[in-house]
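Structure, as structure tokens:
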Amino acid sequence: MRFYYLLSGFFSVLSQVYILRELLSLFAGNEFSFGFLASGWMAGMGLGSFFEGRKRTRLSCEGQFLLLSFLFLGLVYLLRGTGKIFGLSPGEVLGSGALIITGFFFVFPLSFAMGMLFMKLTRVGEEIRGVSGIGEVYRLDAVGDTLAGAGFSYLFIHLPPLPFAFFISFLLSLPISLRKKPFIPLSLSLLALSFTPIPSVLGKKILEASFPGYKVIEEKDSPYTRITVLERDSILHVFQNNSLSFSFPSPFFEDVHLPMLFIPHPERILLIEAPPPVSREVKKHGVKKIKTVMLDPILLRVCREISKGEGEFIAGDGRKVVREGEWDGVFVMLPEPENLSSGRFYTVEFFREVKEHLREKGILFLKIPGSETSLSTPEKLMLSSLYFSLKKVFPDVLVLPGEEIFFIAGEKIPFSFDTLVARYERRRIKTLYFHPSLLPLEYNPERMRWIREEIEPAPLNTDPHPILPFFSMWRWNMEYPFLFRYLFPFLLRLPYLLLFLPLLFFIKRGIFFPVLCMGVWGITIEMLSLLSLQSRAGWVYHLAGLAISSFMLGIAGGEISGERRNLSIKLPFAISLLISLSFPFLLKLSLPPPLFLFLVNFGAGFSVGMLYPLAVKKLGGRTMGAGIIYGADLLGGALASFLTSLFLFSIYGAWKVLFLSGIYLLLPFLMLY
């Protein structure tokens, strides 16, 4: 049975990070996917655990593993066909309503079955070894979680995703094949398919069916994102997590000439996440050094192939590269801050780094979506937040209206049409669509006055409090009036400390409430560690497995301590409060991301794990009690992951959410006296 315990934990984590990859690719890499998946998964597992604890279904553990095998494969290809199901066109991001359906209802059958399996294994463990058997199930499940998380971050993430899904399904079929010989051919078939191109070919067929009229040139997963290259009418369309990165050839990259004309003598230009045609246009200004930096190596390779050797493309983090020299211009060529990874190039901290490395009369250029006539509420908030964030650092910020709103920031930005035309002619630039003589019509006094009047007080966009990705999500989801027209505007004005008041209605003398609160805190810390790191270091999806494995390893260590020693049930809460206090200091130490994730999540997991056996002992070590404790922990985590990733982190920032989670610890700590 110990193999079953390990396999249960191994699959639980591996399936979560695998499904997370699919959700991120559907939602433009937006980190809100973390919460939708985690909350749906934990809610399903909690309800499945409750259900099995009360009903005792007849399906054996081996049969339950086989059921999971089929549910997992079905879910993988169901998610691949989401574009067809919801009628998405290429580059169209899955809306929040569809994401809720996908993250909750599509995933629910798998997570519910996983919760039932854990309850079955817990019952078997108690029948074999009594109370210590329950602890062994929990401990070995955590070891399986740890192996899967670490293995994914450093090994499995580099494997082709669809063949690897068949390999996972093969592992789940082993228990029944080892017990019943008629199932051996099924396991061998799944294993054989995992080493063939058939799973990937099937995935390609689903993609082509989702986007008729497009030819799939390439689809490849990197440790950061999913890159898809489609072709239609001899035009290549490159997508990053289903969000259009660029099309080639395209005339729209000539817009870069406008900010280039604001630089008197451009010699060194840094382009961050810029498509290949941009460097070609910048080169027309006689620039001596053009460096284009991209974080994703797969996207970098695609850009190099399209550019045919023109320009210097390097793999790296733009926030680090900007500190490696002095620049006449730093151009952030992202379409908008649609997630924390892209939003980190729009924060006050990044602007300070740029200012320190700009030459005299150098500029920073950014852009966000806009409109020719009017702006919606989230577009106004995005405009205002970015403007005041830039003004926090740069003395002069020029805002130019249009379908894309341009921001040009520096020490002094003189705006003279005659100067721009003179520079254009002196540099002998040849363009098809752009000419500075048209600028007086485009940016007439009335339109410039209008865009200034649209700027209103708004929170700054900072690393600990990245609000722009939230406004971007709001902009894309205006069709959901309750959430984005009423609830979120209300929350923006709500004092965050009032969010702990609902707890007062659930306090009662019993172990369920403290375990629920610990579940809320534990997952909040895990989500905060990932989201905070994402806003500073960029894509950390490849480290999500490491965060989960560190958390589960801590659970295993805490469970051992709580089971073998006669400890006070208040101790886990005291340790958790200490971890909350140390979190901001660890974050400001700028530790290597893997080390930071390990320390924070191991500590949080240790507290959660220690509470589990102590709570079970308080209930007399009954299987039913173990199921209730497990379910309470998961349901608390489901609530925390959903709320933290959806709006708490963006609206209130890391420090306020950390303080709020501390209140969730303090109440049960005081109640246990």
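Miscellaneous remarks
- Of the DSSP H helices in the chain, those that are both long (alpha-carbon extent of 24 Å or more along the helix axis) and hydrophobic (Kyte-Doolittle mean at least 1.0) are 61-80, 161-179, 512-537, 571-588, 593-618, 623-643, 649-671.
- Once backbone amide H atoms are built at 1.01 Å from N, Phe246 has Val238 as its partners under 5 Å, excluding neighbours fewer than 5 places away on the same chain.
- Three-way shape label, region 550-615, alpha-carbon gyration tensor, a/c 1.5: oblate
- Between region 326-344 and region 416-433, the Cα center-to-center distance that results, in Å: 25
- Note on region 133-226: with neighbouring protein chains present and a 1.4 Å probe, carbon and sulfur make up 71 percent of its accessible heavy-atom surface.
- Cα gyration tensor category, rounded, prolate or oblate, for region 141-279 with a/c compared to 1.5: oblate
- Entries of Lys392/Lys430; Lys220/Lys283; Lys380/Lys656; Lys570/Lys656; Lys412/Lys656; Lys289/Lys588 with Cα pairs more than 28 Å apart: Lys392/Lys430; Lys220/Lys283; Lys412/Lys656; Lys289/Lys588
- The amide H of Arg359, built 1.01 Å from its N in the peptide plane, has Trp327, Asp328 as neighbours under 5 Å, considering only residues 5 or more places off or on other chains.
- Ligands, DNA and RNA left out, the accessible area of region 29-89 computed with a 1.4 Å probe is 63% carbon and sulfur.
- Gain in span if fully extended, Arg449 to Ile101, counting 0.36 nm per residue against the direct Cα distance: 121.0 nm
- Entry for volume of the Cα convex hull per residue in Å³ (calculated from the structure that is shown) out of [x] 179; [y] 211; [z] 148: [z]
- Averaging Cα coordinates gives a centre for region 346-395 and one for region 540-573; these two points are 42 Å apart.
- Overall form of region 69-116 per C-alpha gyration tensor (a/c, 1.5; a/b vs b/c): oblate
- Percent of beta bridges antiparallel (DSSP, the chain, rounded to nearest 5): 65
- Fraction of alpha-carbon pairs over 16 Å apart in region 1-104 - percent: 63
- Neighbourhood charge, 9 Å Cβ-Cβ cut-off, centred on Arg21 and excluding it, Lys, Arg +1 and Asp, Glu -1: -1
- 1.4 Å probe accessible area per residue over the chain, in Å²: 39
- Judged by the mean number of other Cβ atoms found within 10 Å, the most tightly packed of the peptides 157-167, 425-435 leads the ranking 157-167, 425-435.
- The slack in the chain from Thr196 to Leu670, taken as 0.36 nm per residue of separation less the alpha-carbon distance, amounts to 164.8 nm.
- With the simple model of a label 7 Å out from the Cα in the direction of the Cβ, Glu425 to His158 spans 5.8 nm.
- For region 250-294 versus region 577-601, the gap between their alpha-carbon centres in whole angstrom: 39
- Taking the accessible area of region 374-414, probe 1.4 Å, and keeping the other protein chains in place, the carbon and sulfur fraction comes to 49%.
- Take every Cα pair under 8 Å whose residues are at least 6 apart in sequence, average their separation, divide by the length of the chain, and the relative contact order is 17 percent.
The values are calculated or read from the model by the stated rules, or taken from the named source; none is laboratory data. Only a predicted model underlies this, so the values are computations on that prediction, with no experimental measurement involved. Every residue, glycine as well, gets a Cβ built from its backbone with ideal geometry; the counts of neighbours run over all protein chains shown. Just the protein is used for accessible areas: all its heavy atoms, side chains included, with ligands, DNA and RNA removed. Shrake-Rupley method; radii C 1.70, N 1.55, O 1.52, S 1.80 Å.
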